[in-house]
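Here's the structure, in structure tokens; my notes come after.
The values are calculated or read from the model by the stated rules, or taken from the named source; none is laboratory data. Just so it is clear, the model here is predicted, and its values are computed rather than measured. FYI the Cβ positions are ideal-geometry reconstructions off the backbone, even for glycines, and counts take in every protein chain you see.
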Amino acid sequence: MFKTIREDVQSVLDRDPAARNAFEVMLCYPGLHAVWIHRITHKLWKSGFKLLARWLSQTARSITGIEIHPGATIGHNFFIDHGMGVVIGETAEVGDNVTLYHGVTLGGTSLNKVKRHPTLEDNVVVGAGAKVLGAITIGANSRIGANAVVVKNTPPDSVVVGVPGQVVVREGRKHAPNEKADLEHGSLPDTIGDTLMALIAHVESLEKRVNGGAYGPPLHVPDHGVWHGGDFAI
């Protein structure tokens with residue numbers, strides 16, 4: 001038990017630069033408190049004390065703002081940063097070294113009493129407000145961007161952005177043993193923007209070919225990622 005506590009505290013110190021020492025972490029991190037209570041409620045749930053487990057988990061929810069069903073399976077070094085509004089469903093499975101930010105939902109999409117919540121493999125990072133829904137698997141070392149809605153399986157070493165989530169496989173990116181968690185959840189590809197720019201370039205190429213080498217009227221394109229134009233009032 002004490003080994004698990006030390007690992008949980010260290011996971012916070014490793015992943016939150018605002019954490020100054022172990023004593024502060026143990027007193028002031030609701031995500032850590034929620035995980036500790038879940039470890040107790042999960043054992044009660046597996047032992048058949050389901051009502052007591054649910055009552056304790058709801059008590060933890062009222063204290064921490066984090067709802068973890070006692071039936072969920074949580075791995076080692078699990079870290080919930082800030083934590084308010086996090087919901088983890090009954091059949092969710094979370095691997096080792098996983099990080100969730102506030103507002104994350106690991107939700108179910110079926111009324112049947114079957115596996116209906118997601119599985120997050122090792123070293124996954126889920127950005128603030130993201131929703132991962134259904135009995136899907138998020139591959140190891142993947143990163144889900146803030147407010148993404150993920151409803152399909154994701155291969156390892158991926159980045160997922162948008163609604164619905166668009167999957168980008170990070171080719172050549174492999175997680176090394178003992179490597180720190182990839183917390184750059186603000187460094188995300190713009191899949192729609194990149195596709196739009198590719199289409200604009202293709203249209204301009206076609207216009208040049210049709211017009212004998214001359215371009216048509218200039219298309220509206222962003223300047224260093226910023227769109228400029230007229231009055232967009234609605």
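Okay, here's what the table says:
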quantity	calculated
Members of the stretch 94-127 found to be among the polar types (S, T, N, Q) and touching a residue at least 60 places away in the same chain (Cβ under 8 Å), listed by number	Asn97, Thr99
Sole residue being part of a loop (DSSP other than H, G, I, E, B), touching a Pro at 6+ places or on another chain (Cβ under 6 Å) and either assigned by TED's automatic domain parsing to the domain that holds Ala60 or closer than 16 Å to His38 by Cβ (or both), chosen from Ala135, Ala146, Ala128, Ala140	Ala140
Filtered residue count, the stretch 2-55, keeping only those that are more than 20 Å from Glu90 (Cβ to Cβ) and touching a Ser or Thr at 6+ places or on another chain (Cβ under 9 Å)	5
In the stretch 21-61, the residues that are among the aromatic types (Phe, Trp, Tyr) and either in contact with a Cys (Cβ under 9 Å, 6 or more places away or on another chain) or under 18 Å from His82 (Cα atoms) (or both)	Phe23, Tyr29, Trp36
Residues (basic (Lys, Arg) and either under 19 Å from Met26 (Cα atoms) or outside any helix (DSSP H, G or I) (or both)) located in the stretch 46-93	Arg61
Verdict on Arg6 being surrounded by fewer than 21 Cβ atoms within 10 Å (Cβ to Cβ), more than 21 Å from Ala148 (Cα to Cα) and in contact with a strand residue (DSSP E or B) (Cβ under 8 Å, 6 or more places away or on another chain)	no
Test: Ala72 is in the same structural domain as Ser142 (by TED's automatic domain parsing), among the aliphatic types (A, V, I, L, M) and in contact (Cβ under 8 Å) with a residue 40 or more places away in the chain	yes
